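Report on the structure given below.
The values are calculated or read from the model by the stated rules, or taken from the named source; none is laboratory data. This one's a predicted model, so the numbers in the text were calculated from it and none came from an experiment. With ideal geometry, Cβ positions are generated from the backbone for all residues, glycine too; neighbour counts draw on all protein chains shown. To get the accessible areas, we keep the full protein, side chains included, count just its heavy atoms, and leave off ligands, DNA and RNA. Shrake-Rupley method; radii C 1.70, N 1.55, O 1.52, S 1.80 Å.
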Amino acid sequence: MRVFVTGGAGFIGSHTLVQLLRQNAEVTAFDNYSNSSPVALARVKRLAQSDLSSVEGDICNRAALETAMRAAKPDAVIHFAGLKAVGESSEKPLSYYKNNIAGSIALLETMDAVGCRNIVFSSSATVYDPAKAAPFTEEDPLGAVNPYGRTKQFIEEIIRDWAAANSDASAAILRYFNPVGAHVSGDIGEDPVGIPNNLMPFIARVAAGSLPRLQVFGGDYPTSDGTGARDYIHVEDLASAHLAALKYAATVKGCDVFNIGTGRSTTVLEMLHAFEQACGKAIAYRITERRAGDVASSVADVSKAKRILGWQAKYDVADMCQSSWNWQSRNPKGYDNGQ
Ligand code: NAD
Ligand code: UFG
């Protein structure tokens, strides 16, 4: 199978590439490296002991996309490329709408031009209306509360309309919950620029001594210990969900949407203590004010993915922390260490 992967050098993309290559897929990674490094692709090739094609380009550039896709002749596209920082999306909403939405439209137009009708799209749990109590099922009302989340919600609708207009089209929309962890080798992982916004990379840097302490955003939520609860999913499980979705999209026409999580809830303090076990050190923290826009709890109902895709998560929070710490301690400067 030939697969065209936008955003393939990123955190989730790179882990998915390794699994695709190990299944003998022919892969083209298309990325502008705005939030990633070509070093990740070199490591993917080494890990998979297999080659891939990589094209540096922007999904908003229709001509560049078409040249790359005509050369790749893909059977399917996995569409990871996008900007993803929630806070930044409120400061620069037009950049988010342009990059994520205009880029996705250019991608679908190019797929039409080259006759590729299968897509797997990276959506997010952030599309759900936070007024609904977790766990979320795919039928729950949507109501993203920031520009980033709205780009995901709008792209979902665009893909649904595209699939409805093309009887031979297949689209699998995956709503990821909280992706964390790293490849077991410690060779690829999450490499955020600057101070991390997300919990797991922040904890990892406190453990490594490059940040002084974790600020726990809120200790008075209606959860088991008062701190925010999430459904963390190991990036290796998330990668395998894409392979299951590709298989599905190869045989079933139309558009469908799937939650991708574990269905289990972990609080901030539970995650912190699990990380302490993994790294063998105490992690300093202080409970502070709630972070604006956060919900108390976000957990997936994962029964649909199991029923229809035949996929379910294998890894637990201990695996997530262990692999994240392995990546962090072997790569204190992320991909800046080079090959
Ligand atoms: P990431 O930033 O590591 O990967 C995204 C990749 O897309 C990067 O390599 C970046 O350089 C590339 N990219 C961005 N804009 C591009 C453009 N215009 N043209 C070409 N390449 C472009 O992020 P990730 O965590 O791997 O996320 C992958 C996808 O999953 C994103 O769409 C993200 O919104 C979505 N998602 C992520 C999370 C999460 O917490 N990590 C949760 C839900 C959904
Ligand atoms: N948290 C802290 N301190 C930190 C960072 C986070 O206490 O320094 C807490 C948050 O308040 C929250 C939990 O840790 O309770 C998880 O926060 P993250 O920032 O790691 O993740 P979010 O659930 O806020 O959001 C993430 C992605 C979004 C995505 C969403 C659902 O950042 O892009 O998961 O997939 F949409």
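Brief remarks on what is shown
- At a probe radius of 1.4 angstrom, the accessible area of the stretch 214-312 per residue rounds to 44 square angstrom.
- Each 10 Å bin from zero up to the one holding the largest Cα-Cα distance in the stretch 1-88 carries the following percent of pairs: 18, 54, 24, 3.
- Angle between the chain longest axis and helix 62-72 axis [Cα atoms, degrees, rounded to 10]: 80 degrees
- Compared with the dominant principal axis of the Cα atoms in the chain, helix 235-251 is inclined by about 30°.
- In plain terms, the C-alpha convex hull of the stretch 218-339 casts an average shadow of 10.3 nm² when viewed from every direction.
- Average projection, convex hull of the Cα set of the chain: 15.4 square nanometres.
- Estimated distance in nm for a label pair at N166 and N198, the labels positioned 7 Å out from Cα along Cα-to-Cβ: 2.9 nm
- Measuring against 29 Å, Cα to Cα, the residue pairs K132/K333; K84/K314; K84/K132; K73/K98; K247/K333 contain K132/K333; K247/K333 as the ones spanning a longer distance.
- For V184, neighbours were defined as the other residues whose beta-carbon sits under 15 Å from its Cβ, and their charges (Lys and Arg +1, Asp and Glu -1) total -1.
- Using the 1.4 Å probe convention, the accessible area of the stretch 1-59 works out to 39 Å² per residue with neighbouring protein chains retained.
- Within the shell defined by Cβ-Cβ distances under 11 Å, the residues around N100 carry a net charge of +4, with Lys and Arg each +1 and Asp and Glu each -1.
- With all protein chains in place and a 1.4 Å probe, the accessible surface of the chain carries 49 percent carbon and sulfur.
- With the helix formula -39500 (n - 2.57) applied to DSSP H stretches of n ≥ 4, the chain reaches a computed 222 nm mean residue ellipticity of -11500 deg cm²/dmol.
- Translational D in µm²/s for the stretch 68-177 (Stokes-Einstein at 4 °C, 1.567 mPa s, Kirkwood Rh from C-alpha pairs): 88 µm²/s
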